[in-house]
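Let me begin by presenting the structure, written as structure tokens, before commenting on it.
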Amino acid sequence: IAPDRWGVTKNDLRWLRRDVALAIQKGLVVPTDLDNFDPQDKVFGPTIYTVNEQYIKPVTARAGGMSWALMRHPRGLTCDLFVTHCWQEGLFEFIDKVVSSWPYGAKSAWCCMLANPQNSDIGALIRSPSESPFAKALRQAKWMLVVPNRNASIYTRLWCVYEAFLACQWDKVILTASAPRSTTRRCPFSAATGALGLGLNFAVHGVAHLHKASLVFNFGSYPLVAASMLCTNIKWRRACTCVGALASGLYGGLFFHPDTLVDPHLSGYDAEWISAQRRLSVACLIYFVIAEMDIALHTTALEEAAELLRGYTGTVRDAACSKASDVSTISAEIEGCIDDVDRSVYVLVKAGMSTRGLRAAVDASVDVD
């Protein structure tokens, strides 16, 4: 089976997460001096190094010595997603990020810890980097997914640098993996405050002074819209979206109130004006909810960028490798292209992804942040 067919699916990764969690419960995967993970932790889990030694190697050895990917799919799967990571992350953290960031249309992924036969001589497989399974799989893939972690930048590792080099040479779309959104990020608080404002109006009997309410809302909402877009402090921006959503709900409630709908008292108000105010309040509420969701995504992007930069000196020239022979071989291959790789990493950190177009934009002094 060709190396570019040593792939796994999203469901394979989900199954692996559950099976490793079960192995931890049974005491088959345990903390070590190098990885003193908490067996009760369901967020990060043991590092890839630990999982490889205590789980992947024993399981695949019993199955015949093939890779975990080929154990799951003996005929192989064509890989359209290449996952790059540095083994220092927890397995649960890794799988959650990959699954939540899986590109639409991707069917299977190549991941070194699962693709390579870990009980074989890996050194022999990667003796020539350009002919290694890594290179062959990456050439086949449409996307590269970079998985940051809380311990160190993947670009402090030379093999990850080499994969970035190949991705640039072959104009691959490079994406940054991010953790699944928490419940609070999936359900914006501004939606709750907007609903609260709407509900408060229904507890009030009678509606009056709509024109005065309109003036107050217009003078108050526009500054909140501007602040939610321009304020540099994330907490203040989020506060503006919540206050704006509450105001939109309160204002909209005036025009969706039963008294307004039945219109027994409001003969002095134009029906078209009332309809326009309803649409305005709904539009403002939708804006503030979407704005908070955008803030949450921006916050996640900042967190992932910080992880990509942890320990990174600003250039891949300082990346390390455990084998001296790999250092000389890889350095010789990427010599003369290091600035291109540095630029690609810069774009990835700033924009959350790196493509030929974005790299060209940076060359043209366009801000991609």
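Normalised by the number of residues in the chain, what is the relative contact order in percent for Cα pairs under 8 Å and 6+ residues apart? Write out the running numbers ahead of the final one.
Values: 561 pairs, mean separation 66.4, N = 369.
Normalised by residue count, the contact order of the chain is 18 percent.
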How far apart, in nanometres, would the label points at LYS142 and SER100 be if each is projected 7 angstrom from Cα along the Cα-to-Cβ direction?
2.4 nm
Give me the count of lysine pairs in the chain whose alpha carbons sit under 17 angstrom apart, restricted to pairs 8 or more positions apart or on different chains.
10
Starting from a Cα-only point model with no solvent, please compute log10 I(q)/I(0) by Debye for the chain at q = 0.06, 0.08, 0.13 1/Å.
-0.34, -0.54, -1.00
Quick check: residue separation of ALA276 and GLU335 times 0.36 nm, minus the Cα distance between them. What number comes out in nm?
14.9 nm
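Which number comes out as Rg/Rh for the stretch 42-105 once both Rg and the Kirkwood Rh are worked out on C-alpha atoms? Could the numbers behind the result be given before it?
Values: Rg = 13.1 Å, Rh = 13.2 Å.
My calculation of the ratio gives 0.99.
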Using the Kyte-Doolittle scale, find the helices of the chain whose mean hydropathy is at least -0.5 and whose Cα atoms extend 27 Å or more along the helix's long axis, counting only whole DSSP H runs.
210-230, 234-256, 271-309
Cα-based Debye curve of the stretch 3-181 sampled at q = 0.12 Å⁻¹ gives log₁₀ I(q)/I(0) of -0.52
Using a 7 Å offset from the Cα along the Cα-to-Cβ direction at both SER120 and ASP33, what is the distance between the two label points in nm, to one decimal?
3.3 nm
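First measure r as the distance between the Cβ atoms of TYR346 and ARG62, then evaluate 1/(1 + (r/R0)^6) with R0 = 51 Å and state the FRET efficiency to the nearest 0.05.
The formula returns an efficiency of 0.70 here.
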Hey, what do the phi angles of the stretch 79-88 turn into as Karplus ³J(HN,Hα) couplings, whole Hz, using 6.51/-1.76/1.60 and θ = phi - 60°, x for Gly and Pro?
9, 10, 10, 10, 9, 10, 7, 10, 6, 8
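Laboratory data are not the source of any read-out in this text; all were calculated from the coordinates shown. Computed from a prediction, not measured in an experiment: that's the story for all the values here. Glycine also receives a Cβ, built like all others from the backbone with ideal geometry; neighbour counts cover every protein chain displayed.
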